[in-house]
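Have a look at the structure that comes next, please.
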Amino acid sequence: MFLTPVACCILCYLCTNSYAEEVTYPVDDTSGLGRRFDGIGGLSGGGATSVLLQNYPEQQRNEILDYLFKPNFGASLHLLKVEIGGDAQSTEGTEASHMHNSWDENYNRGYEWWLMKEAKRRNPNILLYGLPWAWPGWIGNGTRDPYTDIELPANYIVKWVLGAKKYHNLTIDFIGIWNEQAYDVKYIKLLRKVLDNNSLQHVRIVAADGGWGIVNDINNDSDLAKAIDYIGVHYPGTESVMSAVQTGKQLWSSEDFSTFNDNIGGGCWARLLNQNYVNGRFTGTISWNLIASYYDALPFARNGLMTANSPWSGSYVVNSPIWMSAHTTQFTLPGWKYMSHGSGVGKLKYGGSYVSLVSPDGKDLTIVIETMSHDHSICVRPPLPAYTVAQQNITINLGGNFAKITEVTAWYSQLRFDGKNDTFMQKVDIKVPNGLIHLRLDVDQVVTITTMKVGQKGRYPNPPPSKPFPVPYKEDFEAYEEVSHPNNFAQQVGVFEVRKSEDTQHGNILRQVVLHSPIHWCPNNLVFPINLIGNFNWTDISVSVDVQIGKENGTDGVFLAARVDKGGCQSFYANGVFFYIFPATKMFYLTYDLSRTQLVAKGSISNLQDGWNNLELIVEGYQLRGSVNGQLTFEHAIDKAPLSGFIGIGTSSYGIADFDNLHIFDTNKFTDISYEEHIDETLYFVPKHKP
């Protein structure tokens with residue numbers, strides 16, 4: 001039956017105006033059901049993608065977490081995948097390992113434990129999935145290969161799973177192998193054995209979080225096939241390979257999306273969530289990333305389901321991928337079943353796709369339809385072949401056990417590109433006489449038809465407006481627990497943890513703790529630990545910090561930097577203004593790059609002290625000044641350094657170094673005064689212009 005004129009007026013997009021022939025699509029379980037649905041998820045990590053989230057004011061932080069995880073509110077995610085930190089850069093930053101060294105264990109490092117607990121607090125049934133991107137160097141016994149002794153990585157991963165339960169009461173459901181890197185068949189078999197020997201039979205293995213190569217090994221090795229529960233691939237473009245389908249194993253797009261989260265990104269995500277099953281039989285899809293909670297100037301800005309990268313202001317944005325997720329997640333659960341292709345799953349004649357899912361007891365049915373056009377649903381990868389979508393009329397013909405359904409509820413989204421959106425709008429209940437549902441579909445729509453009497457477009461008051469990173473800025477690290485990651489820092493190489501200083505004068509300090517080069521995920525050899533903070537647009541800036549080289553396992557040098565222009569896997573190639581000191585030789589180096597190939601000046605430091613020293617770097621226009629312990633060390637004119645960038649601190653090699661009392665000033669806002677006035681502990685300059 002077509003909707004009445006009144007309902008048509010209310011529903012707007014579910015009207016009966018004719019565009020073309022009406023095409024009928026059956027939803028019928030008579031011939032059986034398709035594969036089990038495993039859920040929709042988000043990935044935190046894969047490069048410190050949630051690093052700024054924990055810093056938010058409590059009110060806004062809770063709101064953000066509700067939009068991500070609270071059932072029947074926002075994205076209502078079924079799965080949370082997290083990085084098992086490996087002390088190495090893995091896209092937006094470095095995630096700390098629970099074992100920096102073979103003799104070291106700590107299960108309070110980083111923010112993934114916190115995030116998993118917050119997700120569980122909102123949804124106790126959310127499923128948890130851990131995957132390493134990198135490995136601490138000791139795993140490889142001095143090599144870049146984690147499989148030189150397969151017992152080491154197997155025990156390392158199992159300790160992470162056991163630690164999750166012991167220290168955080170978190171049950172890990174899935175474990176991966178090594179993100180987008182080589183896998184080792186013997187290692188996978190041993191990992192299964194070690195999990196079982198530690199009463200972790202419930203932990204299922206997903207392999208191999210990369211391409212399709214693992215499929216041939218599964219088909220040729222029955223023991224490997226028994227060890228692996230799910231085949232996980234990345235960015236499959238909705239297509240699988242027949243040999244994978246024929247294994248009978250559940251297929252996951254275990255990392256997908258990775259696209260700017262404007263409405264085109266929303267269209268990409270909506271299309272993937274349907275067509276990953278329609279085209280590829282993928283029963284689980286996980287977005288990289290969960291939330292864009294890292295500095296915009298780092299790689300892959302705003303590639304999360306939503307954006308929260310201004311904790312100092314409390315500002316965040318609920319982007320359209322949140323509501324594209326809700327069309328599926330709020331009306332299904334893992335364990336539901338897809339309908340069979342041709343009987344509830346398929347492509348629409350005039351473009352788009354539909355999937356139907358049924359609850360385990362057969363009582364509830366959810367149908368999700370998308371009509372995303374090509375240019376409004378392009379993902380970052382892989383390339384999207386040309387296709388067309390047109391306005392169309394369709395009829396859904398409910399058969400089998402669904403023929404008795406007499407009423408459904410419709411939810412719709414219309415993605416627009418004129419600054420206006422209608423996303424996740426609940427519509428009136430639709431009567432279904434004779435099992436027929438008539439719909440008019442426009443282009444770039446998502447429509448959910450469901451028997452479920454749940455669903456909510458969660459809302460909170462508008463968050464505060466975004467503001468620039470605050471200056472003046474001071475951090476003394478006294479407000480943090482040991483091994484914490486301090487607010488607003490974005491470690492790119494190495495791991496910088498809050499520790500207690502051996503002397504009472506400094507109290508808590510920030511320590512670079514990685515002693516040896518890890519087994520990297522990034523393709524280049526990142527060898528200089530660096531930690532970033534601030535505003536990428538900073539030009540004229542003054543920064544000072546106290547530094548100390550570790551007496552044992554110490555690095556040979558430390559640096560203070562401004563106008564740092566790169567992060568992520570390109571960190572090693574960062575340009576900027578880098579002020580290095582080397583206490584053993586009492587030398588300084590001024591360079592335009594992290595790798596010290598663009599040497600500007602060098603010389604001796606006459607007043608360097610044993611223990612702590614204070615460094616200051618002032619960058620104003622094309623002039624540089626650097627000081628050690630209040631004494632001018634160099635002045636230099638800039639000729640080719642970047643004009644803006646982050647503040648950075650770091651070391652010249654892996655090894656212990658301590659930092660404290662970071663002070664940042666924007667010199668655009670202050671007058672030129674003497675150095676002695678500049679380091680005054682009031683932390684303020686004299687204004688250029690009096691009020």
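If Rh is defined by the Kirkwood formula over all Cα pairs and Rg also comes from Cα, what ratio Rg/Rh do you get for the range 471-557?
With Rh from the inverse mean 1/r over Cα pairs, Rg/Rh is 0.97.
Going Cα to Cα from Lys186, which lysines come in below 18 Å? Please leave out same-chain ones fewer than 8 positions away.
Within reach: Lys226.
Could you please state, rounded to a whole Å, how far the C-alpha centre of the range 390-418 is from the C-alpha centre of the range 38-73?
The range 390-418 and the range 38-73 have Cα centres spaced 31 Å from each other.
Net charge around Ile656, counting only other residues with Cβ within less than 9 Å of its Cβ (Lys, Arg = +1; Asp, Glu = -1)?
My count for the surroundings of Ile656 gives 0.
Same structure again: In nm, give the distance between the simple-model label positions of Asn62 and Asn524, each being 7 Å from the Cα along the Cα-to-Cβ direction.
About 4.4 nm, to one decimal.
Output needed for the range 215-337: three equivalent-ellipsoid semi-axes, defined as square roots of 5 times the C-alpha gyration tensor eigenvalues, in descending order, whole Å.
32, 16, 12
Going by a ≥ b ≥ c, the root eigenvalues of the Cα gyration tensor, does the range 473-669 fall in the rounded group (a/c under 1.5), the prolate group (a/b larger than b/c) or the oblate group?
Here the range 473-669 falls in the rounded category.
Which FRET efficiency, nearest 0.05, do Ser31 and Ala301 yield, Cβ-Cβ r, R0 51 Å?
The formula returns an efficiency of 0.65 here.
Eight or more residues apart or on different chains, and alpha-carbon atoms under 26 Å: count the Lys pairs in the range 473-669 matching that.
12
Arranged from highest to lowest average of other beta-carbon atoms within 10 Å per residue, in what order do the peptides 443-456, 182-195 appear?
Put in order of decreasing packing, that is 443-456, 182-195.
Based on other C-beta atoms within 10 Å, arrange Thr238, Thr91 from fewest to most.
Going from least to most buried by this count: Thr238, Thr91.
If you don't mind, another one. Fewest to most neighbouring Cβ within 10 Å: what's the order for Thr597, Thr371, Thr409?
Thr597, Thr409, Thr371
For the range 95-246, report the translational diffusion coefficient in µm²/s to the nearest whole number, using Stokes-Einstein at 20 °C, 1.002 mPa s, and a Kirkwood Rh over Cα pairs.
This corresponds to a translational diffusion coefficient of 131 µm²/s.
Here is a further query. Sorted from fewest to most neighbouring beta carbons within 10 Å, what does the list Tyr107, Tyr460, Tyr622, Tyr56 look like?
Least to most surrounded, the residues fall as Tyr622, Tyr460, Tyr107, Tyr56.
Ignoring solvent entirely, what values of log10 I(q)/I(0) come out of the Debye formula for the range 350-481 at 0.19, 0.20, 0.21 Å⁻¹ when each Cα is a single scatterer?
Results for the range 350-481 at q = 0.19, 0.20, 0.21 Å⁻¹ read -1.17, -1.25, -1.31.
What nm distance separates the two modelled labels at Asp221 and Asp375, each placed 7 Å from Cα along Cα→Cβ?
With each label point 7 Å from Cα toward Cβ, the separation is 4.8 nm.
What per residue convex hull volume, in Å³, do the alpha-carbon atoms of the chain yield?
Taking only Cα atoms, the chain has a hull volume of 164 Å³ per residue.
Which value in nm describes the separation of the simple spin-label points at Val245 and Glu407, placed 7 Å from the Cα toward the beta carbon?
3.9 nm
Computed from the coordinates by the stated procedures, all read-outs in this text should not be read as laboratory data. This structure is a prediction, so every number in the text was calculated from the model and none was measured. As a convention, Cβ positions derive from the backbone with ideal geometry for all residues, glycine included, and neighbour counts pool all protein chains shown.
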